[in-house]
Amino acid sequence: MNLFAEAKKLYAFCGFVSAIGLCAGVTPSAHAEGFDACRDHFYAGQSPEIDNPGMNRNTFPLCYEGFAVLYSGISFTGLWSAEHLTSDHIEDAMDMKRVNAFHPDSNIPDAFRSELSDYSHTGYDRGHLTPSGDEWDSQSQQETFTLANMIPQNPDNNRNLWEGIESVTRQLAEDDGEIYVVTGPIFTKKLKVGRLLVPTMIFKAIYDPSKHKAAAYIVANGPGNRWTQVPIPYLIEFTRINPFPGLSDSEIKEELPLPWPRPHDQNRGIPPGTVSPDDGGVPGSLGSHHKAQEAEGSAIQGTSENQGESGKEEMYGAIIALEEFIGSEVKKEAISHYNDLKKKFMGYLKSNASPKLTDRKEQEFQSNE
């Protein structure tokens, strides 16, 4: 049985039946208690939730002075970072001089901890999730250089387009007083360099309390200036990560117009366009020779207005439980969840739906086996 195909069916299934309460067996991230010391970094004190059993394995919640990270011992990267940016912090951060001090995180057990050598001669930058430019004192800035806060990032992307997104994010916090930011990788290919999983895409989700609106940037982890904006419900379905579980149902649907990136403070912003995972995961010119086995995917088209409903049928879970990085017990667990939910769902249909719908759904399940 192909776990990726089964996981896709499971997640699509859960998206349909969650309203009738049949997905209790697929729980969000169980690490909320691990962030008790740094709830100020999250909107409403609630840390992001990951609705993916595979990627929740071997994770470590980490609190720092200016941000929080959920680190994965499967990908050897952060899965997300979260921060509460204020205008006061940004003003103080402008006086800070960057001091590169990349270091492994001693809070992570040796077997799961990423090391400086993991990034050497790969062609990828050690790309910050929470950028050092957001931090307002020497301790908070130094902490952003932990490898737990890094992903393998294409150098052109890291130093140009992504720098522009980080810059306008700080400007938004300065203009509006405060924002909440969650940043993370998106894995759509089985692409590995050494022990590191290489994301094909990267997201940065922003909630602006002054406007009661939120949205997310998505870029390919490759060269070029293509980016797109998506509403938070789209991001949740696409990545299986809810960056702001404290938002009300009405707020989560209100899309924030995101500022166009301006790399290196250029005068004109870069307009949004089409972003594809096929353009991501690309190393720089010094990259090692490795091949990517692609998972099923599609391009994303976004605008600075509203993503709308177009392309919803082609969306897929972008942070996937990669078969070679999780053990056989995890595969069995995911398949067991799927089979159990299918049985409950068919029982619900037989009791509450028409025979025609019940038969059609049964046939669909059988054709996908």
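The values are calculated or read from the model by the stated rules, or taken from the named source; none is laboratory data. For clarity, every value in this text was computed on a predicted model and none was experimentally measured. So basically every Cβ, Gly included, is an ideal-geometry build from the backbone, and we count neighbours across all protein chains shown. Side chains included, ligands, DNA and RNA excluded: accessible areas come from the protein's heavy atoms. Shrake-Rupley method; radii C 1.70, N 1.55, O 1.52, S 1.80 Å.
Which of (1) at pLDDT below 95; (2) touching a strand residue (DSSP E or B) at 6+ places or on another chain (Cβ under 8 Å); (3) polar (S, T, N, Q) does residue 167 not meet, given it meets every other one?
With (1) at pLDDT below 95; (2) touching a strand residue (DSSP E or B) at 6+ places or on another chain (Cβ under 8 Å); (3) polar (S, T, N, Q) applied to residue 167, the lone miss is (2).
For residues that are part of a strand (DSSP E or B) and either more than 18 Å from residue 235 (Cβ to Cβ) or not hydrophobic (A, V, I, L, M, F, W, C) (or both), scanning just the range 41-60, find the one that is least open to solvent (accessible area, probe 1.4 Å).
59
Enumerate the pairs (first residue in the range 263-281 and loosely packed, with under 13 Cβ neighbours inside 10 Å; second residue anywhere and among the aromatic types (Phe, Trp, Tyr)) with beta-carbon separation below 7 Å, excluding pairs fewer than 6 apart on the same chain, so at least 6 apart or on different chains.
Cβ pairs passing all conditions: 271/260.
Please determine whether any residue of the range 211-233 is without any contact (Cβ under 8 Å) to a residue 40 or more places away in the chain, surrounded by fewer than 21 Cβ atoms within 10 Å (Cβ to Cβ) and in contact with a strand residue (DSSP E or B) (Cβ under 9 Å, 6 or more places away or on another chain).
no
Are any residues in the range 147-159 out of contact with any strand residue (DSSP E or B) (no Cβ under 6 Å at 6 or more places or on another chain) and farther than 21 Å from residue 264 by Cα, and if so, which ones?
Passing the criteria: only 147.
Can you work out which of the residues in the range 63-82 that are open to solvent by 10 Å² or more (accessible area, probe 1.4 Å) and hydrophobic (A, V, I, L, M, F, W, C) is farthest from residue 202 (Cα to Cα)?
The qualifying residue farthest from residue 202 (Cα to Cα) is 63.
Quick test for you: out of 238, 244, 203, 145, pick the one residue that is at pLDDT below 95, closer than 18 Å to residue 48 by Cβ and open to solvent by less than 10 Å² (accessible area, probe 1.4 Å).
Of the residues listed, the single one that is at pLDDT below 95, closer than 18 Å to residue 48 by Cβ and open to solvent by less than 10 Å² (accessible area, probe 1.4 Å) is 238.
Go through 215, 111 for me and flag whichever is of a type in the set (A, V, I, L, M) and not in a helix (DSSP H, G or I).
Checking each option against the conditions leaves just 215.
Going through the range 181-200 one residue at a time, which ones are among the small types (Gly, Ala, Ser) and open to solvent by 10 Å² or more (accessible area, probe 1.4 Å)?
Answer for the range 181-200, where residues must be among the small types (Gly, Ala, Ser) and open to solvent by 10 Å² or more (accessible area, probe 1.4 Å): just 194.
Within the set of pairs 6+ apart or on separate chains, which have a first residue in the range 164-181 that is part of a helix (DSSP H, G or I), a second that is aromatic (Phe, Trp, Tyr) and modelled with pLDDT of 95 or more, and C-beta atoms under 6 Å apart?
Going by the 6 Å Cβ cut-off, the qualifying pairs are 165/217.
Quick one: would you say residue 33 is open to solvent by less than 50 Å² (accessible area, probe 1.4 Å) and at pLDDT below 70?
For residue 33, the condition - open to solvent by less than 50 Å² (accessible area, probe 1.4 Å) and at pLDDT below 70 - is not met.
Can you tell me which residues in the range 242-288 are small (Gly, Ala, Ser) and in contact with a helix residue (DSSP H, G or I) (Cβ under 7 Å, 6 or more places away or on another chain)?
246, 284
Give the number of residues within the range 117-141 that are among the polar types (S, T, N, Q) and loosely packed, with under 14 Cβ neighbours inside 10 Å.
Result for the range 117-141: 4.
Exactly one condition in (1) in contact (Cβ under 8 Å) with a residue 12 or more places away in the chain; (2) open to solvent by 40 Å² or more (accessible area, probe 1.4 Å) is false for residue 249; which is it?
Only one criterion in (1) in contact (Cβ under 8 Å) with a residue 12 or more places away in the chain; (2) open to solvent by 40 Å² or more (accessible area, probe 1.4 Å) is unmet by residue 249, namely (1).
Among (1) at pLDDT 95 or above; (2) assigned to a loop (DSSP other than H, G, I, E, B), where does residue 136 come up short?
In the conditions (1) at pLDDT 95 or above; (2) assigned to a loop (DSSP other than H, G, I, E, B), residue 136 misses (1) alone.
Inspect the range 145-163 for any residue being under 28 Å from residue 58 (Cβ atoms) and part of a loop (DSSP other than H, G, I, E, B) and give the result as yes or no.
Yes, some residue in the range 145-163 is under 28 Å from residue 58 (Cβ atoms) and part of a loop (DSSP other than H, G, I, E, B).
What about residue 103, is it at pLDDT below 95, over 20 Å from residue 186 (Cα atoms) and out of contact with any Cys (no Cβ under 8 Å at 6 or more places or on another chain)?
yes
Among (1) open to solvent by 10 Å² or more (accessible area, probe 1.4 Å); (2) modelled with pLDDT of 95 or more; (3) in contact with a helix residue (DSSP H, G or I) (Cβ under 7 Å, 6 or more places away or on another chain), there is one condition residue 114 misses while meeting the rest; what is its number?
(1)
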